[in-house]
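Everything on this sheet refers to the single structure shown next.
The values are calculated or read from the model by the stated rules, or taken from the named source; none is laboratory data. Just so you know, these numbers come straight off a predicted model, no measurement behind them. Cβ atoms come from the backbone with ideal geometry, glycine included; neighbour counts cover every protein chain shown. The accessibility values were calculated without ligands, DNA or RNA, using every heavy atom of the protein model including side chains. Shrake-Rupley method; radii C 1.70, N 1.55, O 1.52, S 1.80 Å.
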Amino acid sequence: SGVGAKTTQASLLGKTFTYMFLFLLLTIAVTVGVSAIFQFAIKDVNVRNDAYMITLITASITQLVLTIVIAFTSLKRGKAAAVPLILDAVCMGVLLSSFTFLGLEWYTLAATFGIAALAFGGMALIGMFSKHASGMGMVGFGLLFSVLLVSLFNVFMFIFLPQVWAIQNIITSVIIVIAIMLITAYDVYNIKRISATGENSSNLAVYLAFNLYLDFIIILLHILKYVAIFASDRR
């Protein structure tokens, strides 16, 4: 019945956004915890820097491995196990803590988080109520593919045309944010479409939540990058 379909849809959407919130909460907690440990618990600067560098490298390698595992399991089963997703969120928290070592104050981070949340939330609402979000997804993926092709020449651009590279880097970052925002709308629309088929499993909701989580994190990272550049220029 129509009421049952709407209930299923609301249930899957509710589960998905709840799990996404938990992923973000875990990442934020790890970011704050790692930052506090290395800034306040370890007094020796050299020991702190060496230990933190090892931690960042370990988190980066672990996240790379987890990305492969997540991609493999999702392609194989159409879902992904919760444990790799949780570990990936932990690694992301470790990597995000690096922004605190760039000198960004907590209120700057909070403001950046809020801006990213507004951008993400706006596109999520569009995906929720739009009937043409699939087209947005195609445009978003097309933009990302174009950026990937351009990035293949980044090394040569950096060596031979550094000024052009700097401008291109800014343009590329803006395009990535636009692309991910469009993909966010598509991902929410896709959740709504999947829920209409009657799918309502928690495992599926976790996988869909992680897709939304990654959309948000990518938007956040690109905004943080330029906030960090702006903050360093003001010093």
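Within the range 6-68, the proportion of C-alpha pairs whose separation exceeds 13 Å stands at 73%.
Think of the chain as having a plus end and a minus end, set by charges on the Cβ of Lys, Arg, Asp and Glu; of L152, N46, L118, L118 sits farthest toward the positive end of this dipole.
A Förster radius of 41 Å, combined with the Cβ-Cβ distance separating F230 from M138, puts the computed FRET efficiency at roughly 0.80. Using a Förster radius of 25 Å, what is the FRET efficiency between T73 and L149 based on their Cβ-Cβ separation? Nearest 0.05, please. So, using R0 = 25 Å, E works out to roughly 0.35. Among complete DSSP H helices in the chain, those whose alpha-carbon atoms stretch at least 24 Å along the helix's long axis and whose mean Kyte-Doolittle hydropathy reaches 0.5 are 2-36, 45-77, 106-129, 133-151, 162-195, 202-234. Each Lys and Arg contributes +1 and each Asp and Glu -1, all at the Cβ; summed about the Cα centre of the chain, the dipole is approximately 460 debye. Sorted from longest to shortest, the spans of the Cα atoms of the range 142-212 along the three principal axes equal 55, 18, 14 Å. Calculated [222 nm] ellipticity per residue, helices only, for the chain: -30000 deg cm²/dmol; basis is -39500 (n - 2.57) per DSSP H run with n ≥ 4, divided by all residues, nearest 500. If Lys and Arg each add +1 and Asp and Glu each add -1, what is the summed charge of the other residues whose beta carbon sits under 15 Å from the beta carbon of T31? Once positives and negatives cancel, what remains is -2. Of the residues V174, G103, L13, the one whose Cα sits farthest towards the positive end of the charge dipole of the chain is L13 (charges of +1 on Lys and Arg Cβ, -1 on Asp and Glu Cβ, taken about the Cα centre). In plain terms, the C-alpha convex hull of the range 22-155 casts an average shadow of 11.0 nm² when viewed from every direction.
For the set M128, M92, the ranking by accessible area, highest first and with no ligand, DNA or RNA atoms included, is M128, M92 under a 1.4 Å probe. So what's the chain giving for Cα Rg divided by 2.2 N^0.38 Å, two decimals? Expressed relative to 2.2 N^0.38 Å, the Cα Rg reads 1.10.
Using a Gaussian network model of the chain with C-alpha springs under 10 Å, which one of G127, G114, G93 is most mobile by mean-square fluctuation? Ranking G127, G114, G93 by mean-square fluctuation puts G114 first. Carbon-plus-sulfur fraction of the accessible area of the chain, 1.4 Å probe, in percent? Summing carbon and sulfur atoms, their accessible area is 75 percent of the total for the chain. Could you estimate the translational diffusion coefficient of the range 88-150 from the Stokes-Einstein equation, with Rh from the Kirkwood formula over C-alpha pairs, at 10 °C and 1.306 mPa s, in whole µm²/s? Diffusion coefficient, whole number: 109 µm²/s. Ligands, DNA and RNA excluded, the heavy atoms of L22 present near 90 Å² of accessible surface to a 1.4 Å solvent probe. Hey, rough spin-label estimate for S60 and A110, points 7 angstrom out along Cα→Cβ, what's it come to in nanometres? Roughly 3.1 nm, to one decimal. Among the chymotrypsin sites (Phe, Trp or Tyr not before Pro) in the range 153-222, which ones are in a DSSP loop with at most 13 other Cβ atoms within 10 Å of the Cβ? Mind listing them? For chymotrypsin sites (Phe, Trp or Tyr not before Pro) across the range 153-222 that sit outside H, G, I, E and B with at most 13 neighbouring Cβ atoms in 10 Å, the list reads F153.
Which semi-axis lengths, in whole Å and largest first, follow from the square roots of five times the eigenvalues of the Cα gyration tensor of the range 76-216? Write down the numbers at each step before the final one.
Numbers: eigenvalues 172, 87, 53 Å².
Here the semi-axes work out to 29, 21, 16 Å.
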